[in-house]
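Below is one structure, written out as structure tokens; the observations come after it.
Here, each number is a calculation from the coordinates, and none is a lab measurement. Not measured: the values here are computed from a predicted model. Every residue, glycine as well, gets a Cβ built from its backbone with ideal geometry; the counts of neighbours run over all protein chains shown.
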Amino acid sequence: MDAQVTIVGAGVVGLAIAERVSADFRDIFLIEKHLVFGQETSSRNSEVIHAGIYYPKGSLKSQLCVEGKRLLYDYCKGNDIPFKNCGKLIVATSEDEIPIIEGIQKTAFNNGVDDLEIIEKDRIAELEPSVFAMKAIFSPSTGIVDSHSLMKRYETGMINNGGQIVYGSEVTGIRRIEDGYEITLLDSDKNIYNFTSQVVINSAGLTSDKVSELAGLTDEKLKIIFCKGEYFRLNPPKNRLINRLIYPVPVHNLEGIGIHVTVEMGGGVKLGPDVTYLHSNIYDYQVSPSKQEAFFKSVRKFLPFLEYDDLSPDMAGIRPKIQKPGDPVMDFYIKEESERGCPGFINLIGIESPGLTSSLSIANYVRNLIKI
Ligand SMILES: Cc1cc2nc3c(=O)[nH]c(=O)nc-3n(C[C@H](O)[C@H](O)[C@H](O)COP(=O)(O)OP(=O)(O)OC[C@H]3O[C@@H](n4cnc5c(N)ncnc54)[C@H](O)[C@@H]3O)c2cc1C
């Protein structure tokens, strides 16, 4: 075999896996179709280190988020990666939202997030004098991270461990052979290469369902639907009125967690993302200026200082959803596929939020699925 382990996709998750796996195995290849890492979902998100508040008890999302958050803070401290443990408020802006935030606190407690505090108006005013809320949850362990520096560090770690990254090469074929897989690559000059690998890890984000199909693993339930999230920017100087993340109460099935306010490492403030399922899986990263009114209205409830012209279109990202519109919350799909006739093939599908927060715990989880 040319490789012991091959990872498809150099987003934040594939890179974290590559660093972790290259510490224990030799001949590791990480294959990425773009010329640099993190060109898709991993560079188009809120960069929030989530506390693990919302996810159903016992789900991978809940487990890996809570564990991943701790690992990520430690990793950032140990590797000089910029991060800020700024905390977050989930705000109730009407009487009927108060029982909802109390319910959120209970769910979070069951998930091992035991540091949430329900705070009243005077404490809210101390923390965020410009925000309106009748009551709020304060989550002290939520934070933000510079995801580019994080990915760079994972990449360096992998290279230092002796792993190899192949950029500008798309995996176009995966064929089962004795004791492994033959992988076909198409490079940017349209050259085709083949090599063999004992283990294949599919961390291909938005096209992870397609990569799974290359190995013959087709499943309607695991078809990815692109779900776009757009952001607007809060123009200076009003960005200085916000110190931490501010979230409304979430919608019932967590298709998204509501248009929220995210602070950035450099002091900027973004609103979003919203939730729009796309009709076809196209890479549509346009931000519609016509949405400004809807963003303004939904956030003004808790940012009373906001005026319409304080916002400007910013950027968009795409979630790799396996949860169809209106469906209950779907968990991450992370599985070694022996049961479906593909031993040594590990699928990661539907790695939407909190994938960035969970990157290190996902990497450990995947490492433990490798049996060679
Ligand atoms: C709007 C939005 C906001 C979010 N906010 C947060 C947040 O605040 N906190 C959080 O924890 N998470 C957040 N997330 C989720 C997080 O961004 C993702 O879970 C994470 O980036 C997924 O990383 P990945 O490596 O799995 O996928 P990706 O970043 O999509 O990487 C997959 C890589 O695979 C490559 N690839 C695909 N097919 C092939 C092929 N055939 N051959 C070679 N390479 C291939 C792609 O080019 C890509 O680089 C958010 C997501 C979105 C969309």
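Of the residues making up the range 59-111, those that are within 13 Å of residue 143 (Cβ to Cβ) and free of Cβ contacts under 8 Å to residues at least 40 places away in the same chain are 70, 74, 77.
Considering the range 193-249, and only residues there that are farther than 30 Å from residue 137 by Cα, in a helix (DSSP H, G or I) and of a type in the set (Lys, Arg), the residue that is farthest from the ligand (Cβ to nearest atom) turns out to be 221. Identify all residues within the range 36-53 that are buried (at least 22 other Cβ atoms within 10 Å of the Cβ), farther than 22 Å from residue 246 by Cα and more than 8 Å from the ligand (Cβ to nearest atom); write none if there are none. The answer is none; no residue qualifies.
For the range 54-65, the tally of residues that are within 12 Å of the ligand (Cβ to nearest atom) and hydrophobic (A, V, I, L, M, F, W, C) stands at 2.
Condition check for residue 155 on (1) in a helix (DSSP H, G or I); (2) within 16 Å of the ligand (Cβ to nearest atom); (3) closer than 22 Å to residue 263 by Cβ; (4) touching a Phe, Trp or Tyr at 6+ places or on another chain (Cβ under 8 Å): one failure, at (3).
In the set (1) more than 16 Å from the ligand (Cβ to nearest atom); (2) outside any loop (DSSP other than H, G, I, E, B); (3) surrounded by 18 or more Cβ atoms within 10 Å (Cβ to Cβ), residue 306 fails one condition alone, (2). Looking only at residues of the range 201-229 that are of a type in the set (Val, Ile, Thr) and under 17 Å from residue 355 (Cα atoms), we find that the one that is farthest from the chain's Cα centre (by Cα) is 201.
The set of residues in the range 157-199 being more than 23 Å from residue 39 (Cα to Cα) and acidic (Asp, Glu) consists of 178, 179, 182. Which of the numbered conditions does residue 68 fail, given that it passes all the others? Conditions: (1) out of contact with any Lys or Arg (no Cβ under 6 Å at 6 or more places or on another chain); (2) assigned to a helix (DSSP H, G or I); (3) more than 10 Å from the ligand (Cβ to nearest atom). It fails just one condition, (3).
Determine whether residue 229 is touching a residue at least 24 places away in the same chain (Cβ under 8 Å) and in contact with a Gly (Cβ under 7 Å, 6 or more places away or on another chain). Yes; evaluated as a whole, the condition is true for this residue. Hey, does the range 324-332 have a residue that's closer than 29 Å to residue 181 by Cβ, crowded, with 20+ Cβ neighbours inside 10 Å and touching a residue at least 24 places away in the same chain (Cβ under 8 Å)? Checking the range 324-332: at least one residue is closer than 29 Å to residue 181 by Cβ, crowded, with 20+ Cβ neighbours inside 10 Å and touching a residue at least 24 places away in the same chain (Cβ under 8 Å).
For the range 179-192, the tally of residues that are more than 14 Å from the ligand (Cβ to nearest atom) and either closer than 17 Å to residue 9 by Cβ or not in a strand (DSSP E or B) (or both) stands at 4. A Cβ distance below 8 Å, combined with a sequence gap of six or more or placement on separate chains, defines the contacts here; from the range 270-288, residues that are farther than 8 Å from residue 316 by Cβ reach residues that are surrounded by fewer than 13 Cβ atoms within 10 Å (Cβ to Cβ) in the pairs 277/325.
Is there a residue being crowded, with 24+ Cβ neighbours inside 10 Å, more than 12 Å from the ligand (Cβ to nearest atom) and over 21 Å from residue 83 (Cα atoms) anywhere in the range 23-33? Yes; the residues of the range 23-33 include at least one that is crowded, with 24+ Cβ neighbours inside 10 Å, more than 12 Å from the ligand (Cβ to nearest atom) and over 21 Å from residue 83 (Cα atoms). Quick one: is residue 130 farther than 17 Å from residue 300 by Cα, surrounded by fewer than 22 Cβ atoms within 10 Å (Cβ to Cβ) and of a type in the set (Ser, Thr, Tyr)? Judged against the criteria, residue 130 is not a match.
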